[in-house]
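The values are calculated or read from the model by the stated rules, or taken from the named source; none is laboratory data. The structure presented is a predicted model; accordingly, all values stated were derived computationally and were not measured. Cβ placement follows ideal geometry from the backbone for every residue including glycine, while neighbour counts extend to all protein chains displayed. Note: accessible area is taken over every heavy atom of the protein model, side chains too, but ligands, DNA and RNA are not part of it. Shrake-Rupley method; radii C 1.70, N 1.55, O 1.52, S 1.80 Å.
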Amino acid sequence: MNDRGSPSGGSGYRLSTTGAYHRDDLDTLGWELTVCNSLYPVDTPIRRILKRNASYGHLLYDYLTRFMPLEKITSVLEIGGGYGYLMKDFLMRNSGLKPSMLDISPVLLQKQQETLAGHDVSYVLEDALETDPIIFGRHELAILNENLGDFPALIDIDPVILEEAPPSAGDAIRTKVHRLFTAYGLEKPGEEFNLNIGAMEMVERLCSSGIPYIFMGEHSCEARVPPMLEPYISIRSDGNPRRIPLKGHDEYTIKFSYLQRIAGYHGYKTVRGPFADYIIPLLTERLKATLATRGLYSAAEEVVYHFVGDLYEYEYLIMVKEGHGIKG
Ligand SMILES: C[S@@+](CC[C@H](N)C(=O)[O-])C[C@H]1O[C@@H](n2cnc3c(N)ncnc32)[C@H](O)[C@@H]1O
């Protein structure tokens with residue numbers, strides 16, 4: 001099987017995975033600048049267009065306190081923590097946290113150890129899809145920031161396979177697709193489509209562990225621009241996970257409505273929205289001019305233009321297990 005996408009061979013889909021890239025080839029995140037990493041440098045021009053000049057982890061921490069008692073949480077699991085900057089911010093806000101960092105990439109896990117040196121943190125080198133859900137259930141909060149798109153995706157799925165009973169033996173993936181659509185009553189696409197099968201399985205595994213709080217954020221295929229920004233930004237939002245070609249691997253945007261449905265089924269209340277809910281841009285005349293000219297007049301403006309688009313194209317999903325209550 002090709003790790004980036006195996007031919008369908010008549011099975012009615014192709015599989016795209018990134019495991020080998022993350023395990024063996026990845027040596028930097030420089031090629032895929034995440035929102036968290038973009039906001040990290042104190043002097044970045046993107047911080048200057050925000051209502052609050054702060055790094056990603058601080059902005060997220062304050063937002064999450066609306067929905068969960070973060071000050072009382074000690075056991076937090078971050079899956080795919082990249083350079084560790086989000087957790088570094090969280091530890092500045094709450095020194096009582098005992099984080100576990102789980103990552104498939106040895107290079108990034110090493111980087112996290114450097115960033116978080118001096119703190120009481122445990123590190124696990126593992127594919128999160130292979131982690132026993134019992135381990136998830138030992139934590140109070142799980143964070144998955146900008147990595148759902150890395151989990152396996154099925155692409156070019158023939159919708160006919162949703163109608164036909166899966167073969168009784170031999171095609172575990174088709175059986176899984178059938179089970180997901182049937183168990184969660186998911187709306188079936190009418191034409192060829194892509195499916196975030198790994199992200200769906202991840203949500204299912206986390207929710208079945210009973211962990212009280214989960215945060216996820218990623219590039220969405222269902223995001224919408226608010227009316228005031230429609231003249232400046234357009235977002236492709238057709239509900240079909242879109243391929244994003246990156247160095248050595250492909251990512252797929254996320255169909256959050258399916259994840260939300262799975263979480264709801266497992267007894268989680270959900271809150272969903274764009275990253276702009278907590279990374280709030282101030283729509284000044286200057287920013288409007290930058291957006292209207294698509295950042296054409298300087299490198300800094302170009303960065304700002306793309307960043308503001310990302311704030312609306314990336315969505316988050318907060319899941320709170322029933323009985324734990326959402327504050328506010
Ligand atoms: C795009 S980076 C995001 C890093 C960081 N969360 C951020 O927002 O800057 C994706 C992260 O997920 C990790 N990752 C990808 N697939 C994974 C898997 N199957 N299990 C665990 N970690 C994974 C990568 O190694 C990397 O740390």
* Structure fact -> Cβ pairs under 6 Å, 6+ apart or interchain, first in region 119-142 and under 14 Å from Val203 (Cα atoms), second in a strand (DSSP E or B), ordered by first then second residue, are Ala128/Ile79; Ala128/Leu102; Leu141/Val76; Leu141/Tyr213; Ala142/Leu77; Ala142/Ile214
* Filtered residue count, region 20-43, keeping only those that are farther than 16 Å from Glu146 by Cβ, within 14 Å of the ligand (Cβ to nearest atom) and at pLDDT 95 or above -> 1
* Considering region 257-306 alone, what residues qualify as being more than 30 Å from Met319 (Cβ to Cβ), hydroxyl-bearing (Ser, Thr, Tyr) and touching a helix residue (DSSP H, G or I) at 6+ places or on another chain (Cβ under 7 Å)? -> Thr290, Tyr305
* To do: Restrict the check to region 49-61 and report whether at least one residue is in contact with a Ser or Thr (Cβ under 8 Å, 6 or more places away or on another chain) and either without any contact (Cβ under 8 Å) to a residue 40 or more places away in the chain or more than 26 Å from Met319 (Cβ to Cβ) (or both).
  => yes
* **Filter result for Asp24 (surrounded by fewer than 15 Cβ atoms within 10 Å (Cβ to Cβ) and assigned to a helix (DSSP H, G or I))** => yes
* Select from region 130-149 the residues that are out of contact with any His (no Cβ under 7 Å at 6 or more places or on another chain) and closer than 19 Å to Leu317 by Cα and list them in ascending order. => Phe136, Gly137, His139, Glu140, Leu141, Ala142, Ile143, Leu144, Asn145, Glu146, Asn147, Leu148
* Asked: Take the residues of region 89-101 that are assigned to a loop (DSSP other than H, G, I, E, B) and open to solvent by 10 Å² or more (accessible area, probe 1.4 Å): which is nearest to the ligand (Cβ to nearest atom)?
  -> Asn94
* Subset tally (residues that are surrounded by 14 or more Cβ atoms within 10 Å (Cβ to Cβ) and out of contact with any Leu (no Cβ under 9 Å at 6 or more places or on another chain)) for region 227-238 -> 2
* For the subset of region 48-57 comprising residues that are open to solvent by less than 20 Å² (accessible area, probe 1.4 Å) and over 19 Å from the mean Cα position of the chain (by Cα), which member is nearest to the ligand (Cβ to nearest atom)? -> Ala54
* Structure fact -> Checked region 64-88 for anything more than 9 Å from the ligand (Cβ to nearest atom) and open to solvent by 10 Å² or more (accessible area, probe 1.4 Å); matches are Thr65, Arg66, Phe67, Pro69, Glu71, Lys72, Thr74, Ser75, Lys88
